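Participant: My questions all concern the structure below.
Bear in mind that the values in this text are calculations on the coordinates, not laboratory data. No experiment lies behind these values; they were computed from the predicted model shown. Every residue, glycine as well, gets a Cβ built from its backbone with ideal geometry; the counts of neighbours run over all protein chains shown.
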Amino acid sequence: MLARSSLRSMRILNGARNGTTAVAKRSISSSGPSIESPMKLNMAAAASTALAIGSVAWYYHLYGPTAHAGSPAEEGLHATKYPWVHEQWFKTFDHQALRRGFQVYREVCMACHSLTRIPYRSLVGTVLTVDEAKAMAEENEYDSEPNDEGEIEKRPGKLSDYIPAPYKNDEAARAANNGALPPDLSLIIKGRHGGCDYVFSLLTGYPDEPPAGAQVGAGLNFNPYFPGTGIAMARVLYDGLVEYEDETPATTSQMAKDVVEFLNWAAEPEMDDRKRMGMKVLAVTSVLFALSVWVKRYKWASLKSRKIVYDPPKVSNKTRN
Amino acid sequence: MGVWDVINDLVEAATPWGIAEAEAPPAEEKAEAKDEGSKSDDAEEEEAEEAEEEEEEEELEDPKEKFEEECRNSKQCAPAKHHFDECVERVTNASDDDEGEKEDCVEEFFHLAHCATQCAAPKLWAVLK
């Protein structure tokens, strides 16, 4: 036993000695006459570093700073971020707010702005009840199918009809608004930089009077958030303009908040479902993940609980020496 | 939603071939119940209406205006307000003389408005519904 262990340590020592000799040899070969002077090496490193820094600096000089061709007034004031609840990941639209917002749209904005992508049926269950939506649709007349003589008669609206536009066409809309076209509001939240914040700021941001020296064009109104600051839409929301059925105080900012949330719904009616689907995906994948961890444990059990023992062969002095 | 509904829901999400949904029937019973309720609550409603009228008499004050005014005069926005006020004074005085290029205070107004809205935003959302 003692002999064997001493033998083994001998071998280790031998190996170590071999290693050290190899290292020694290598160091000898690299310290030959072909070695470069440390001065040269340092210069190469310094030059390449200078080149790297220089090229990055030049790139930044060329492309780094963004050029602003317009003045801040032409750009418009960037809307402040408001803490919208419905924009949070795990929150839905407040449907009471949607109801109020639709009321504001109907009583105020609808006089000028269309909402052509929203049919009455999509309001059912989110903003209105079936009966309310039906009654509202029936207030309008729509073209029906041609009758036997080929005449197109009018019929009362149905749930499948779309919310009617205030003007026959864009030209009529311009003519009625001093040449400015009130845009369709169906997708306005998605269609404007800043989304909800922008439209909310726009509606509530009309100052009592434009700042000193500001030029406001004829027929335009000063609004800092509108690019160019001169907007053809005058301030439309004033405290107490509508009367909410749930008795929420109808301040300017409350109405603006509600109508913006409603317009966000109009642009993104799938949002609630989308977030719900996201939660479903998270829940189902977490279950699958847990399952896979258990399955892995099960499959590996036989491997993990295995013990590998090395049983060295008996040494016989005859064969070894 | 009960626990079983949640599980059902998740199973349905994982098995898209499961179901086709139709519009739920309108809640007729509820409407009837409401009608009955409103008949008996006539007296209360009248009271409510009176209360409403009283409320209307009170002037509505927009919380946005109030908070932003407070913010404009706060220490936080003091530099922006100082620049804006100075600019207004300069421009109004200059327009009397009517000479040279005209200056405007739009930029100063932007800085002040930006500061005031930023400061008022969380306060406003705390009071709005």
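Participant: List the GluC sites (Glu not before Pro) in segment A:135-238 that DSSP assigns to loop (not H, G, I, E or B) and whose Cβ has at most 10 other Cβ atoms within 10 Å. Which are they? Let's see the in-between values first.
Facilitator: Values: sites: A:Glu138, A:Glu139, A:Glu141, A:Glu149, A:Glu151, A:Glu153, A:Glu171; in loops: A:Glu139, A:Glu149, A:Glu151.
Passing sites in segment A:135-238 are A:Glu139, A:Glu149, A:Glu151.
Participant: Mind grabbing the base-10 log of I(q)/I(0) for chain A at q = 0.15 Å⁻¹? Debye formula, identical points on the C-alpha positions, no solvent, two decimal places.
Facilitator: Evaluating at q = 0.15 Å⁻¹ gives log10 I(q)/I(0) of -1.26.
Participant: Give me the angle, in degrees from 0 to 90, between the Cα long axis of helix A:271-304 and the longest principal axis of the Cα atoms of chain A, rounded to the nearest 10.
Facilitator: Its long axis makes an angle of about 20 degrees.
Participant: Any chance you could run the full-extension gain for A:Tyr238 through A:Val56? It's 0.36 nm times the residue separation minus the Cα-Cα distance, nm to one decimal.
Facilitator: Numbers: separation 182, 0.36 × 182 = 65.52 nm, distance 5.41 nm.
Here the segment from A:Tyr238 to A:Val56 would lengthen by 60.1 nm.
Participant: While we're here: Once fully extended, how much extra length lies between A:Lys296 and A:Val216, figured as 0.36 nm per residue of separation less the alpha-carbon to alpha-carbon distance? Don't skip to the answer; put the middle values down first.
Facilitator: Details: separation 80, 0.36 × 80 = 28.80 nm, distance 7.12 nm.
Here the answer is 21.7 nm.
Participant: Direction-averaged shadow area of the convex hull around the Cα atoms of segment A:191-257, nm²? Could you put the intermediate results ahead of the total?
Facilitator: Details: hull surface 21.5 nm².
Computing the convex hull of the Cα atoms and averaging its projections yields 5.4 nm².
Participant: Work out the mean other chain Cβ neighbour count within 10 Å for the residues of A:203-216 and drop it here as an integer.
Facilitator: On the way: counts 0, 6, 3, 0, 2, 1, 0, 4, 13, 15, 13, 5, 3, 0.
So the per-residue partner count for this stretch is 5.
Participant: Let me check the size of segment A:96-164 from its C-alpha atoms; what are the radius of gyration and Dmax in Å?
Facilitator: Reported Rg and Dmax, both Å: 13.7, 47.
Participant: Could you state the angle between the C-alpha long axis of helix A:195-204 and the longest principal axis of the C-alpha atoms of chain A, as a value from 0 to 90 degrees rounded to the nearest 10?
Facilitator: Long axis of A:195-204 versus the principal axis of chain A: about 40 degrees.
Participant: Given R₀ = 51 Å, what would the calculated FRET efficiency be for A:Met279 paired with A:Glu245, taking r from the Cβ atoms and rounding to 0.05? Could the numbers behind the result be given before it?
Facilitator: Values: r = 32 Å, r/R0 = 0.62.
Plugging the Cβ-Cβ distance into 1/(1 + (r/R0)^6) gives 0.95.
Participant: Under a 10 Å cutoff between Cα atoms, tell me which one of A:Ser305, A:Ser144, A:Ser253 has the largest fluctuation in the Gaussian network model of chain A.
Facilitator: Of A:Ser305, A:Ser144, A:Ser253, the most mobile in the Gaussian network model is A:Ser305.
Participant: While we're looking at this one, here's another question. Determine how many Å³ per residue the convex hull of the Cα atoms of segment A:37-189 encloses. Intermediate results must be reported in sequence, preceding the final value.
Facilitator: Working: hull volume 43.1 nm³, N = 153.
Dividing the Cα hull volume of segment A:37-189 by its residue count gives 282 Å³.
Participant: Looking at the calculated P(r) for segment A:171-321, what percent of the C-alpha pair distances fall above 23 Å? Show your work: numbers first, answer last.
Facilitator: Numbers: 7286 of 11325 pairs.
Looking at segment A:171-321, the distances longer than 23 Å represent 64 percent of pairs.
Participant: Evaluate the relative contact order of segment A:171-287 (contact order divided by residue number), counting alpha-carbon pairs under 8 angstrom at least 6 apart; express in whole percent. List each step's numbers first, then the result.
Facilitator: Values: 105 pairs, mean separation 30.2, N = 117.
Here the relative contact order equals 26 percent.
Participant: Given A:Lys81/B:Lys129; A:Lys91/B:Lys129; A:Lys275/A:Lys296; A:Lys81/A:Lys134; A:Lys158/B:Lys129, which pairs have Cα atoms separated by over 27 Å? Spell out each step's value before the answer.
Facilitator: On the way: A:Lys81/B:Lys129 17 Å; A:Lys91/B:Lys129 15 Å; A:Lys275/A:Lys296 31 Å; A:Lys81/A:Lys134 37 Å; A:Lys158/B:Lys129 33 Å.
Listed pairs above 27 Å: A:Lys275/A:Lys296; A:Lys81/A:Lys134; A:Lys158/B:Lys129.
Participant: If I build a Gaussian network model for chain A, linking alpha-carbon pairs within less than 10 angstrom, which residue out of A:Thr80, A:Thr126, A:Thr49 has the largest mean-square fluctuation?
Facilitator: Largest GNM mean-square fluctuation: A:Thr49.
Participant: Report for chain A the percent antiparallel among DSSP-assigned beta bridges with both residues inside it, nearest 5.
Facilitator: Details: 7 of 8 bridges.
The answer is about 90 percent antiparallel.
Participant: Still on this structure, please answer the following. Whole Å is fine, so just give me how far the alpha carbon centre of segment A:183-224 lies from that of segment B:60-129.
Facilitator: The two parts, judged by their Cα centres, are 16 Å apart.
Participant: Additional query: So for chain A, averaging the separation of alpha carbon pairs under 8 Å that are six or more residues apart and normalising by length, what relative contact order in percent results?
Facilitator: Worked out over chain A, it gives 19 percent.
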